[in-house]
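We did not get these values from a lab; they are worked out from the coordinates using the rules stated. Everything numeric in this text was worked out from a predicted model, so none of it was measured. Note: ideal-geometry Cβ built from the backbone for every residue, glycine included; neighbour counts use all protein chains shown.
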Amino acid sequence: MQDEEACMSYIAHILEAVNAQLDAWYINDSEEDQRLPHHLEPKLYVPVQKLAELGLAHWVLDSNNYEHDMELRKIRAERGYTYQDIVDIAPDLLPNYEANLKNFYKEHMHADEEIRFILAGSGYFDVRDFDDRWIRIWAKKNDMLVVPAGMYHRFTLDESEYIKALRLFKGYPVWTPHYRPQDEHPSRKDYITFWKRQ
Ligand SMILES: [Fe+2]
């Protein structure tokens, strides 16, 4: 019995470790539908450590219990996330869906963090590395991501065409995208200074 318990505990631990991973890969620049994975050939995956080095924060949290989740409460308190709302994106939920999806996909940055906790569905956050290559991050239910201020990025739904996400913010929310180029923007300069290691 003890062996069985130990075995189950070990499996749970491994599953937790696997779940803590974030699927991310370098993408090609083909003109195919943005909702496709756009893998390189052969596929080239990106480890979570690399994303962390670019300033991207990631947690795996319990989205079924987000209103009472102690870890989320702790993150909100520590990082000062005082605002939250929920967005639901799907073809029949978003007015001007195709046009909006193309807008989300324009490369931009923000003067503040972009914080998303995925409650259902999935989508792709593309971020630039310091060699200006796109990395595609597949955000799924339970993933919480923070794209730092000043980091060039874009978003698209994937082939499932559905995502429900909690948006968090420090203080009064500002969602303004600053489209690239923004090399002189103070948040861009701060991002480069803080995260880029020569
Ligand atoms: Fe954004």
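Annotation: amide H of Val46 within the under-5 Å range of Ala24, Trp25, Tyr26, sequence separation 5 or more or interchain, hydrogens built in the peptide plane. In loop segments of region 39-135 as defined by DSSP, the trypsin sites (Lys or Arg not before Pro) with at most 16 further C-beta atoms inside 10 Å of their C-beta are Lys43, Lys106, Arg133. Taking the Kirkwood radius as Rh and the Cα radius of gyration as Rg, the chain has a ratio of Rg/Rh equal to 0.98.
Taking trypsin sites (Lys or Arg not before Pro) across region 144-181, the ones in a DSSP loop with at most 15 further Cβ atoms lying within 10 angstrom of their Cβ are Lys170. In sequence order, region 22-38 has phi-based couplings of 10, 6, 8, 7, 6, 10, 7, 10, 5, 8, 4, 3, 5, 7, 7, x, 6 Hz under the Karplus curve 6.51 cos²θ - 1.76 cosθ + 1.60, θ = phi - 60°, and Gly or Pro positions carry x. Looking at region 35-110, the GluC sites (Glu not before Pro) that sit in a DSSP loop and have at most 13 other Cβ atoms within 10 Å of their own Cβ are Glu67. Distance between the 7 Å Cα→Cβ label points at Tyr162 and Trp195: 3.1 nm. Over the chain, Cα pairs under 8 Å with separation of 6+ residues give a relative contact order of 26 percent. Between 0 and 90 degrees, the angle of helix 2-20 with respect to the longest Cα principal axis of the chain falls at about 0 degrees. In sequence order, region 65-72 has phi-based couplings of 10, 5, 5, 10, 5, 5, 5, 5 Hz under the Karplus curve 6.51 cos²θ - 1.76 cosθ + 1.60, θ = phi - 60°, and Gly or Pro positions carry x.
Derived scalar couplings between HN and Hα for region 163-180 equal 8, 10, 9, 8, 9, 10, 7, 8, x, 5, x, 10, 9, 3, x, 10, 6, 5 Hz in order, rounded to whole Hz, by the Karplus curve 6.51 cos²θ - 1.76 cosθ + 1.60 (θ = phi - 60°), x for Gly and Pro.
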